[in-house]
1. Please tell me if Lys84 is basic (Lys, Arg) and either in contact with a His (Cβ under 8 Å, 6 or more places away or on another chain) or within 16 Å of the ligand (Cβ to nearest atom) (or both).
2. Of the residues that sit in region 26-52 and are free of Cβ contacts under 8 Å to residues at least 24 places away in the same chain and within 17 Å of Phe85 (Cα to Cα), which one is surrounded by the most Cβ atoms within 10 Å (Cβ to Cβ)?
3. State which residue is nearest to the ligand (Cβ to nearest atom) when the search covers only region 9-25 and only residues that are crowded, with 17+ Cβ neighbours inside 10 Å and either of a type in the set (A, V, I, L, M) or part of a loop (DSSP other than H, G, I, E, B) (or both).
4. Being loosely packed, with under 13 Cβ neighbours inside 10 Å and among the hydrophobic types (A, V, I, L, M, F, W, C) narrows it down to one of Leu142, Leu117, Leu150, Leu156, so name that one.
5. Go through region 66-94 and give me each residue that's in contact with a helix residue (DSSP H, G or I) (Cβ under 9 Å, 6 or more places away or on another chain) and within 15 Å of Glu33 (Cβ to Cβ).
6. Quick check: anything in region 101-114 loosely packed, with under 11 Cβ neighbours inside 10 Å and touching a helix residue (DSSP H, G or I) at 6+ places or on another chain (Cβ under 6 Å)?
7. Looking only at region 61-76, decide whether some residue is within 18 Å of Met1 (Cα to Cα) and exposed (fewer than 14 other Cβ atoms within 10 Å of the Cβ).
8. Among the residues of region 46-56 satisfying the criterion of being among the hydrophobic types (A, V, I, L, M, F, W, C) and under 24 Å from Lys159 (Cβ atoms), which is farthest from the ligand (Cβ to nearest atom)?
Amino acid sequence: MVNTPICNFCAKTGVLCKKCKQKLRKGKFTQLEVEVSKAFAKADQKFPKQLQNVTLDRAHRINGSIVLLTRNGKNILENEAIIKFIESEIKSPIEIVERKADTRKTFADFFAPLDILEIDQIYAPPEGDIELKITLQGDPELLRFPLDQLKQIAELISKNPVRLEIKS
Ligand SMILES: [Zn+2]
């Protein structure tokens, strides 16, 4: 069974249990993530083999597309039928970003073919939030998304504010 932010029961029935309702209220996941989880549960019935080890972490709407942060999402990438099915369920094109156990590796894949020169942690007073400054090198034309969207997705991955710099 595919793993989603909401519990299996809720993903299958489409009705949120008490626990999931509470999590939604507390902002542990968003309404969009509930919708995407339901679509994944439906896809799971059609493609149980391909989706069995796939985890949906986060979903985020950017312009007209929905970016999905997944673990082991490679199977979906390689299967046009699954992508089409999920896209028709949520009525948006999807972009899949694969999340690795190591954030740096996730970033390396995500920003490829540009190289990451450095990732600096900047402490921003007074709350002491850590901002990540990511310095990339290469041609920005080759990036998967426009810069402002990259920043949003990078923030979703790292859960920190992100500042991007590109050296050519
Ligand atoms: Zn639930």
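1. no
2. So, considering only residues that are free of Cβ contacts under 8 Å to residues at least 24 places away in the same chain and within 17 Å of Phe85 (Cα to Cα), the one surrounded by the most Cβ atoms within 10 Å (Cβ to Cβ) is Gln45.
3. Leu16
4. Leu142
5. Ile66, Val67, Leu68, Leu69, Thr70, Ile86, Glu89, Ile90, Ile94
6. Scanning region 101-114 turns up at least one residue that is loosely packed, with under 11 Cβ neighbours inside 10 Å and touching a helix residue (DSSP H, G or I) at 6+ places or on another chain (Cβ under 6 Å).
7. Filtering region 61-76 for residues within 18 Å of Met1 (Cα to Cα) gives 68-76.
If we keep only those that are exposed (fewer than 14 other Cβ atoms within 10 Å of the Cβ) too, we end up with 74.
Yes, the conditions are met somewhere in region 61-76.
8. Only one residue fits best here, namely Val54.
Taken together, the values in this text are just the output of simple stated rules run on the coordinates, not laboratory data. Source: prediction; values computed, not measured. Cβ atoms come from the backbone with ideal geometry, glycine included; neighbour counts cover every protein chain shown.
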